[in-house]
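One structure is given below, encoded as structure tokens.
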Amino acid sequence: MNPLGVHALVWVGDWSEASARYAIESTRQVGFDLIEVPILDPSTVDAAMTRRLLQDNGLGAACSLGLDDATDVSSEDPAVVARGRDRLAAAVEVAHGIGASHLCGVLYSKLGKYPRPMSPAGRQHVVESMTWLAKQASDAGLSLALEVVNRYETNVVNTVADMLALIDDTGAAIGVHLDSYHVNIEENGYVEPVRLAGSRLGYVHVGESHRGYLGSGTIDFDTFLGAVRDSGFTGPVTFESFSSAVVHPDLSNTLAVWRNLWEDSLDLATHARAFMAERLGSD
Ligand code: MN
């Protein structure tokens, strides 16, 4: 039985107290176990307020982020890497303050398209920074998982195999965060990446090929979620979907969310929870 989650962008584009309350209460109403809160700029997230709302609703949480040009730990520039570590330290503090169980996402790279391949010096900065981050997360009681994303969102790694090699180089206990949307673009199929990650699978995103309603795109979810179910993975499986109907000031542009794929968040989320539970055998 996996805890089932939903990304906050299904509900809201900001994290004011009113928005947080609406997102958290809606998540509980649909019957999810956790909400994933994006903390791209941790300084804008009120951890105490969020923790209280989560407790009031008996809900768990995960926190996720991607870095930007100014904080990219895969940069060759040590000053940029240092700013990246400051950003990641703030993210660990906020995730811990919220009471989140997991810290995940593209914590090792700028989230966005690069005009050139990563340099060897950049990769070394990633390895050093993720070794450091693993210690910070462990000290804060957070499970750390690095998301494997497609070529238009990072140049560091785009496949599970390359992510495992990167994690091996850190020597740290870091999980793999797998996302069906990215698997669809970069991997050979839906079973092999789940099997490759094996016991190191740490977090799962469930997203359609166009990031809209599950089952309305081209992803073979019977196979993907069947592989997750059969793997024995017991961690969170979180629905991730984006539409121009709910806009985050940074993330929506970074992820190229230009289309209106849905308007009714409640219907979308209710459908997604049943869709995932049916295939994971969680209901
Ligand atoms: Mn994802």
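See the values below:
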item	result
Helical segments meeting 27 Å axial Cα length and Kyte-Doolittle -1.0 threshold in the chain (DSSP H)	78-98, 120-139
Projected-area average for region 31-183 over all orientations - Cα convex hull basis, square nanometres	8.8 nm²
Contour excess over end-to-end distance, with Cα ends at K135 and S199 and 0.36 nm allotted per residue	21.0 nm
Debye intensity ratio in log₁₀ form over the Cα atoms of region 12-103, taken at each q of 0.11, 0.20 Å⁻¹	-0.33, -0.87
Average accessible area per residue (Å²) across the chain - probe 1.4 Å, nucleic acids and ligands excluded	40 Å²
Percent of Cα pairs exceeding the 32 Å cut-off, where the set is the chain	17 percent
Per-residue [θ]222 nm for the chain (sum of -39500 (n - 2.57) over DSSP H runs n ≥ 4, rounded to 500)	-13500 deg cm²/dmol
Coil-residue GluC sites (Glu not before Pro) of region 62-134, DSSP, other Cβ within 10 Å capped at 15	E76
Gyration tensor (Cα) of region 212-283, equivalent ellipsoid semi-axes in angstrom	25, 13, 11
Paramagnetic reach from M1 in region 220-242 [backbone N under 13 Å; point 7 Å along Cα→Cβ]	none
Loop sites in region 245-276: chymotrypsin sites (Phe, Trp or Tyr not before Pro), DSSP, at most 14 other Cβ within 10 Å	W258
Neighbour-limited loop hits for trypsin sites (Lys or Arg not before Pro), region 90-178 (at most 15 other Cβ within 10 Å; DSSP other than H, G, I, E, B)	K113, R151
Efficiency of FRET from Cβ geometry, E17 and D162, R₀ 35 Å, rounded to 0.05	0.30
Backbone N within region 100-123 under 12 Å of label point (7 Å from Y152 Cα along the Cβ vector)	112-114
Where a label projected 7 Å from the Cα of R229 along Cα→Cβ would reach, residues of region 263-278 with amide N under 15 Å	273-278
Protein accessible area in the chain, 1.4 Å probe - carbon and sulfur %	47 percent
Spacing of the two label points (7 Å from each Cα toward its C-beta) at A256 and D86, in nm	3.2 nm
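The values are calculated or read from the model by the stated rules, or taken from the named source; none is laboratory data. Remember, predicted model here, so these are calculated numbers, not experimental data. Backbone-built Cβ (ideal geometry, glycine too); neighbour counts: all protein chains shown. Accessible surface areas use protein heavy atoms only, side chains included; no ligands, DNA or RNA. Shrake-Rupley method; radii C 1.70, N 1.55, O 1.52, S 1.80 Å.
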